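Asks: Got a structure here, written out as structure tokens. Questions coming.
The values are calculated or read from the model by the stated rules, or taken from the named source; none is laboratory data. Quantities reported herein were computed from a predicted structural model and do not represent experimental measurements. Reconstructed Cβ throughout: ideal geometry from the backbone, glycine too, with neighbour counts over all protein chains shown. Just the protein is used for accessible areas: all its heavy atoms, side chains included, with ligands, DNA and RNA removed. Shrake-Rupley method; radii C 1.70, N 1.55, O 1.52, S 1.80 Å.
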Amino acid sequence: MNTVAQISLNGAHVVVFGGSTGIGLATAVAVKAKGAAVTLVGRTLAKLEAAASEIGGARAVVADISDRKSVEAVFDGMTRVDHLVITAGGLHFGKLADTDPDQLLVAIHERIAGPLYAIKAVLPLMPPTGSIVLTGGQYSDRPSGNGAAVISAAVRGVEALARSLALELKPIRVNVISPGLIETPLFDSFGAEGRAAIFNQATDTLPGGRAGYPDEVAEAIILLLSNGYMNAEVLHIDGGGRFV
Ligand SMILES: NC(=O)c1ccc[n+]([C@@H]2O[C@H](COP(=O)([O-])OP(=O)(O)OC[C@H]3O[C@@H](n4cnc5c(N)ncnc54)[C@H](OP(=O)(O)O)[C@@H]3O)[C@@H](O)[C@H]2O)c1
């Protein structure tokens, strides 16, 4: 008797918010390799089209996850979504004393409000074997005095949201992927030198002496999607980074 509830991705439809670069793109590549059809969502059409071409074909839809109407429109015309993966989001840091709170709250709009919009819209399209993966981060476990208070609240909130929704939306499974420092375009806004400084520091401090790769996170997302008994889980792919 096979006692592993393996959910096949072959023939499934997977929607990836944030699928144009980094972890989302690596996930799209991985699910496509398993035989799934992929819809990529992001704010920049050119990036989405480049990603779709890189993975050998995907539907590309422009939407900002923090904008409810544009998120709802993503699902127009769809008849079935087997899995929803949300990796969309940027870096929104700032110390409260010198940052407009509305600017800091973008992290909450992207990490909490946006997933709520997307999950509500996708529910009528998702079969009981479906699943949802949200993205957290290590600021959930490791506070910082360097302007990360709101992003910390957001990623901790993502975990709480997923655990409660896993019970509320049963039997649809809801899990969180929590990446550590991963080499993606997320850090390009720091410029070449700033980016290098971040990753050089990682070499010095992380137990494995390096940052992670998007493919390593995507592999874990595949596990969350396809293992039918993984639910309400927060899966850390951080090289142990949350403890140093
Ligand atoms: N890389 C890391 O070290 C790390 C660590 C912990 C957590 N994370 C989180 O993991 C997620 C993926 O990060 P990544 O490293 O893969 O970053 P990335 O390469 O910059 O990818 C982010 C993706 O999300 C899209 N996106 C950003 N803001 C969006 C919005 N408001 N609405 C819709 N799409 C949006 C981006 O495309 P557009 O810009 O064109 O919209 C892109 O497709 C992010 O939430 C990030 O904060 C990353």
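Asks: Please sort 209-216, 108-115, 28-35, 81-88 by packing, taking for each peptide the average over its residues of neighbouring beta carbons within 10 angstrom, highest first.
Replies: Descending mean neighbour count gives 81-88, 108-115, 28-35, 209-216.
Asks: Probe 1.4 Å, all protein chains in place: accessible area of Thr99 in Å², nearest 10?
Replies: Surface accessible to solvent at Thr99 totals approximately 20 Å².
Asks: A further question on this structure: Quick check: with the 1.4 Å probe, what order do Asp204, Asp67 take by accessible area, largest first?
Replies: These residues rank, largest area first, as Asp204, Asp67.
Asks: Lys and Arg at +1, Asp and Glu at -1: add these up for the other residues within a Cβ distance under 15 Å of Arg59 and post the number.
Replies: Around Arg59, the surrounding residues sum to -1.
Asks: Could you provide, to the nearest whole Å², the per residue accessible area of region 1-48 with probe 1.4 Å?
Replies: Each residue of region 1-48 exposes 45 Å² on average to a 1.4 Å probe.
Asks: Another question about this same structure. Going 7 Å from the Cα of Arg210 along its beta-carbon direction, which residues of region 185-203 have the amide nitrogen within less than 12 Å of the resulting point?
Replies: Residues 203 qualify, since their backbone N sits under 12 Å from the label point.
Asks: Is any residue of region 60-96 close enough, with backbone N under 16 Å, to a label point placed 7 angstrom from the Cα of Leu45 along the Cα-Cβ axis, and if so, which?
Replies: Within reach of a label on Leu45, which here means backbone N under 16 Å from a point 7 Å along Cα→Cβ, region 60-96 contributes 60-64, 74.
Asks: Kirkwood Rh over alpha-carbon pairs of region 45-95, then Stokes-Einstein at 4 °C and 1.567 mPa s: what D in µm² s⁻¹, rounded to an integer?
Replies: Once the numbers are plugged in, D ends up at 99 µm²/s.
Asks: If you take the Cα atoms of region 1-49, find Rg, then find the Kirkwood Rh from the mean of 1/r over all pairs, what is Rg/Rh?
Replies: My calculation puts Rg/Rh at 1.12.
Asks: Right, something else. State which helices in the chain qualify, where a helix is a whole DSSP H run, it must extend 20 Å or more along its own axis by its Cα atoms, and its mean Kyte-Doolittle hydropathy must be at least -1.0.
Replies: Those that clear 20 Å and a mean of -1.0 are 149-168, 191-205.
Asks: Follow-up question, since we're still on this one. With all protein chains present, calculate the accessible area of Leu116 using a 1.4 Å probe and round the result to the nearest 10 Å².
Replies: For Leu116, the solvent-accessible surface is approximately 80 Å².
Asks: Considering the dipole of the chain built from charges on the beta carbon (Lys and Arg +1, Asp and Glu -1) around the Cα centre, which of Gly228, Thr39, Ile132 is farthest to its positive end?
Replies: Of the options given, the answer is Gly228.
Asks: Rounded to a whole number of µm²/s, how large is the Stokes-Einstein D of region 1-97 at 20 °C and 1.002 mPa s, given Rh as the Kirkwood radius over C-alpha pairs?
Replies: 151
Asks: Counting only the backbone N, which residues of region 189-226 are under 14 Å from the spot 7 Å out from the Cα of Val244 toward its beta-carbon?
Replies: 199-212
Asks: If DNA, RNA and ligands are ignored and the probe is 1.4 Å, what is the ranking of Phe93, Phe243, Phe75 by accessible area, most exposed first?
Replies: The ranking, largest first, comes out as Phe243, Phe93, Phe75.
Asks: Taking a probe of 1.4 angstrom, what is the accessible area of Ile172 in Å², to the nearest 10?
Replies: Ignoring ligands and nucleic acids, Ile172 comes out at about 10 Å².
Asks: Let me ask something else about it. How far is the Cα center of region 29-72 from the Cα center of region 195-244, in Å?
Replies: 23
Asks: Apply the Kirkwood formula to the chain: the hydrodynamic radius equals the inverse of the mean of 1/r over all pairs of different alpha-carbon atoms; give it in Å with one decimal.
Replies: Computed over Cα pairs of the chain, the Kirkwood hydrodynamic radius comes out at 18.2 Å.
Asks: May I pose another question? Expressed as a whole percentage, what fraction of the accessible surface of region 56-205 belongs to carbon and sulfur atoms when a 1.4 Å probe is rolled over the protein heavy atoms?
Replies: On region 56-205, the fraction of accessible area on carbon and sulfur atoms equals 55 percent.
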